[in-house]
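Visitor: Pasting a structure below so you can have a look.
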Amino acid sequence: MIIKKGKDGNVTIYYLDKDISDEKMDLLKNTYVKPDQINLMITDDADVYNADGSVLLICFRKHKLTQDKVDAFYDNVIKFALSKTTNRGSTSGSKKHHIGFNPKIMTNIIGYFDKFGPSQKQIITRKHIKNLLNVRETRFTMDFPDKFKKMMPLVKEIDNCYKLYTPEYYAKQRKKANQTPFKIEGTSFTTITTNVNFRTSIHKDMGDDEEGFGNLVVIEHGKYTGAETCLPQYGVGVDVRTCDVLFMNVHEWHGNLPMHPENADVKRLSIVCYLRRNLWEKTKHKTKKFMIAHNKRVKGLRGLGAGLKNAVLLDEEEE
């Protein structure tokens, strides 16, 4: 419900009250956002606050990213981003945390993560490996450093927008990022999640820095309608398109409306950049020398896994 609306230059300022009580939102967890729950759809520059202005919910800016950087990111990641996941139960509409293999869910992680993948856990257990910090480079970062390097200009541009448009949140997150070498160099992020055509159910993000803000970018390949990112408790959605940036309070209930592609080849690649709090907790004040040695040791698990059944490096993200 819109309580008040104003302008600050080209930016529309909204103050919204909750349309759905906290108690009812708890019951809607893991269900999908419905169109009739959304009465305000944002398509232009806007800042959205709660009713009394004490909490920033959304900061949205149109056409702030550079097309050639967007293209380079897409070209270098899309093959990997199309990999199928074995997890994401908590954001897929399933009541189960682990949902098994699902060919409809393409969600993957890049950068650093604070849990070992399933095959790494298998090797560590069977080989009785001790004193190995439970932090790792993700498969993409480890296997495709050249592609990762070509994606970095967009990631740094997102980071710059984060600093420009939500500086208070950025400063707190960057301070943490500066305390660990296990991060995406030159940014406030440790981790990137990519999703392709993935409709998330209503959820709150877990694991990311509670003092930071969610960073969402979308790259379109083909035409579609829908897939808007929504905060259903406040009845608001945002239509994020290529070169736009959305900063949002991901500790509020959020999810996506259904996507309606015009043909079977349409891809909506969403990019979420964030700092994982547990990773920061485990690695703050570690040295770069420690990081290099640790990464080498983790990479060496592959050789130790020779001959073990199903010993293939897989990434697994847990919400």
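The values are calculated or read from the model by the stated rules, or taken from the named source; none is laboratory data. Note that this is a predicted model, so its numbers are computed, not measured. Note: ideal-geometry Cβ built from the backbone for every residue, glycine included; neighbour counts use all protein chains shown.
Visitor: Of these, Lys115, Lys147, Lys127, Lys172, which one is loosely packed, with under 14 Cβ neighbours inside 10 Å and either over 22 Å from Val217 (Cβ atoms) or touching a residue at least 12 places away in the same chain (Cβ under 8 Å) (or both)?
Guide: Values: Lys115 fails: loosely packed, with under 14 Cβ neighbours inside 10 Å; Lys147 fails: loosely packed, with under 14 Cβ neighbours inside 10 Å; Lys172 fails: loosely packed, with under 14 Cβ neighbours inside 10 Å.
None of the other options fit; the residue is Lys127.
Visitor: A follow-up question, please. Select from segment 1-30 the residues that are part of a strand (DSSP E or B) and surrounded by 14 or more Cβ atoms within 10 Å (Cβ to Cβ) and write down the one among them that is farthest from the chain's Cα centre (by Cα).
Guide: Of segment 1-30, the ones part of a strand (DSSP E or B) are 2-8, 11-16.
Still in the running and surrounded by 14 or more Cβ atoms within 10 Å (Cβ to Cβ): 2, 11-16.
Details: Ile2: 28, Val11: 25, Thr12: 26, Ile13: 25, Tyr14: 25, Tyr15: 26, Leu16: 25 Å.
In this case the residue turns out to be Ile2.
Visitor: Would you pick out the residues in segment 34-48 that are surrounded by 18 or more Cβ atoms within 10 Å (Cβ to Cβ) and closer than 24 Å to Tyr169 by Cβ?
Guide: Leu40, Ile42, Asp45, Ala46, Asp47, Val48
Visitor: Where residues in segment 132-163 are basic (Lys, Arg) and part of a helix (DSSP H, G or I), which of them is farthest from Ala293 (Cα to Cα)?
Guide: Here is the first cut: in segment 132-163, the ones basic (Lys, Arg) are 136, 139, 147, 149-150, 156, 163.
Remaining after also requiring part of a helix (DSSP H, G or I): 139, 147, 149-150, 156, 163.
Values: Arg139: 17, Lys147: 22, Lys149: 21, Lys150: 24, Lys156: 26, Lys163: 32 Å.
By that ranking, first place goes to Lys163.
Visitor: Cβ-Cβ below 6 Å, separation at least six or inter-chain, first residue in segment 41-56 and on the phi > 0 side of the Ramachandran plot, second basic (Lys, Arg): which pairs?
Guide: Short answer, once both residue conditions are applied: none.
Visitor: Please list, ordered by residue number, the strands (runs of 3 or more DSSP E) wholly in segment 193-279 having 1 or more residues that are hydrophobic (A, V, I, L, M, F, W, C) and surrounded by fewer than 18 Cβ atoms within 10 Å (Cβ to Cβ). Before you say what the answer is, go through the steps one by one.
Guide: Details: elements: 214-221, 224-226, 229-231, 236-238, 245-248, 259-261, 267-274.
Those strands (runs of 3 or more DSSP E) span 259-261.
Visitor: Okay, moving on. Suppose we filter segment 164-192 for residues that are farther than 15 Å from Trp280 by Cβ, of a type in the set (A, V, I, L, M, F, W, C) and not in a helix (DSSP H, G or I); how many remain?
Guide: 1
Visitor: If you take the residues of segment 193-214 that are of a type in the set (S, T, N, Q) and out of contact with any Leu (no Cβ under 7 Å at 6 or more places or on another chain), which of them is nearest to Asp114 (Cα to Cα)?
Guide: Step one: filter segment 193-214 for residues of a type in the set (S, T, N, Q), giving 193-195, 197, 200-201.
Next, only the ones that are out of contact with any Leu (no Cβ under 7 Å at 6 or more places or on another chain) stay: 193, 195, 197, 200-201.
Working: Thr193: 14, Asn195: 19, Asn197: 25, Thr200: 22, Ser201: 24 Å.
Step by step, filter segment 193-214, then rank; the result is Thr193.
Visitor: Right, something else. Take the conditions under 29 Å from Ser54 (Cα atoms) and modelled with pLDDT under 95 and apply them to Glu252. Does it pass?
Guide: Numbers: under 29 Å from Ser54 (Cα atoms): yes; modelled with pLDDT under 95: no.
Considered against the rule, which asks whether it is under 29 Å from Ser54 (Cα atoms) and modelled with pLDDT under 95, Glu252 comes out as no.
Visitor: Okay, next question. Return the residues of segment 79-136 that are touching a helix residue (DSSP H, G or I) at 6+ places or on another chain (Cβ under 8 Å), of a type in the set (Gly, Ala, Ser) and modelled with pLDDT of 95 or more; say none if nothing qualifies.
Guide: Of everything in segment 79-136, just one residue is touching a helix residue (DSSP H, G or I) at 6+ places or on another chain (Cβ under 8 Å), of a type in the set (Gly, Ala, Ser) and modelled with pLDDT of 95 or more, namely Gly111.
Visitor: A follow-up question, please. Looking at (1) crowded, with 18+ Cβ neighbours inside 10 Å; (2) assigned to a loop (DSSP other than H, G, I, E, B), which one does Gly53 not meet, given that it meets all the others?
Guide: Just one mismatch for Gly53, condition (1).
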